[in-house]
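The values are calculated or read from the model by the stated rules, or taken from the named source; none is laboratory data. Everything quoted here is computed from the prediction, not taken from an experiment. A quick note on method: Cβ atoms are made from the backbone with ideal geometry, for glycine too, and the neighbour counts reach across all protein chains shown.
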Amino acid sequence: MATHTLHNDPGETWFITLTCYNWIPLFEITQSYNILYDWFGFIAERYQVQTHAFVLMPNHIHLIIKMPDTDGGLNKMISNGKRFMAYELVKKLSASGRTDILDQLSAACTEKEKIKGQKHKVFEPSFDAKRIYSTAFLHQKIDYIHHNPVSGKWSLCNDFTEYPHSSATFYHLAKPHKLVIITDYRDFWADINHVKPVRLL
């Protein structure tokens, strides 16, 4: 994790991971995947960010995005996004009476954070950002993203293409996602590398 690293190079493509505090499945507990979709729409409109691939898991998010050529404020964008999502998640936890989780998130805040006004630690303080530097690395990360719902301890569906909170159906079944505008990475990366698009099908 890179707590203090600045990722401000404009026009770069990034593999991003955001994790709920202590891996608590907050998105699943609150049924708040819509909050993530709202954020995707916001960064597309506000920052002109292109989403190439994503998966929304019960306690973390993986996504591959391309920042615009004119703006490299990835850290600021992620920080603001975490703040927005944290507020909405806390509001849902409060509405559903989950004081047990709220107490846990509150206890996780340091005295310094409390002085600054933070009441709950909803996300891990850092986020992971890896620059996509080759098509091979890109394919590796997209494959990892799409198979996440059926890998390791996860068994969220029978087949990874059935998982609704992912870009897998877009690439493997040629079906647009209902809630996210996905920019096909194959066209972009084929163009900049002067090679024919590589299909995952």
Check: Name the residues in region 127-138 that are loosely packed, with under 15 Cβ neighbours inside 10 Å and either at positive phi or assigned to a loop (DSSP other than H, G, I, E, B) (or both), would you?
Finding: TYR133, SER134
Notebook entry, point to check: Within the group THR17, THR51, THR5, which residue is modelled with pLDDT under 95 and either of a type in the set (S, T, N, Q) or not in a loop (DSSP other than H, G, I, E, B) (or both)?
Noted result: THR5
Check: Here are some conditions: (1) in contact (Cβ under 8 Å) with a residue 60 or more places away in the chain; (2) closer than 22 Å to GLY117 by Cβ; (3) in a helix (DSSP H, G or I). ILE29 meets all but one. Which one does it not meet?
Finding: (2)
Margin query: Go through region 65-119 and report how many residues are touching a Leu at 6+ places or on another chain (Cβ under 7 Å) and either of a type in the set (Ser, Thr, Tyr) or not in a helix (DSSP H, G or I) (or both).
Written below: 2
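Every residue, every condition in (1) at pLDDT below 95; (2) closer than 30 Å to GLY11 by Cβ; (3) not acidic (Asp, Glu), yes or no:
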residue: MET77; (1), (2), (3): yes, yes, yes
residue: ALA86; (1), (2), (3): no, yes, yes
residue: VAL90; (1), (2), (3): no, no, yes
residue: ARG98; (1), (2), (3): no, no, yes
residue: ASP103; (1), (2), (3): no, no, no
residue: ALA107; (1), (2), (3): no, no, yes
residue: GLU113; (1), (2), (3): yes, no, no
residue: LYS121; (1), (2), (3): no, no, yes
Notebook entry, point to check: Looking at region 164-180, which of the residues that are of a type in the set (A, V, I, L, M) and in a loop (DSSP other than H, G, I, E, B) is surrounded by the most Cβ atoms within 10 Å (Cβ to Cβ)?
Noted result: VAL180
Notebook entry, point to check: Name the residues in region 67-100 that are more than 13 Å from the chain's Cα centre (by Cα) and buried (at least 19 other Cβ atoms within 10 Å of the Cβ), would you?
Noted result: MET67, ALA86, LEU89, VAL90, LEU93
Note to self: I want to confirm something. Restricting to region 25-61 and keeping residues that are within 21 Å of HIS146 (Cα to Cα) and β-branched (Val, Ile, Thr), which single residue is surrounded by the most Cβ atoms within 10 Å (Cβ to Cβ)?
What the structure shows: ILE61
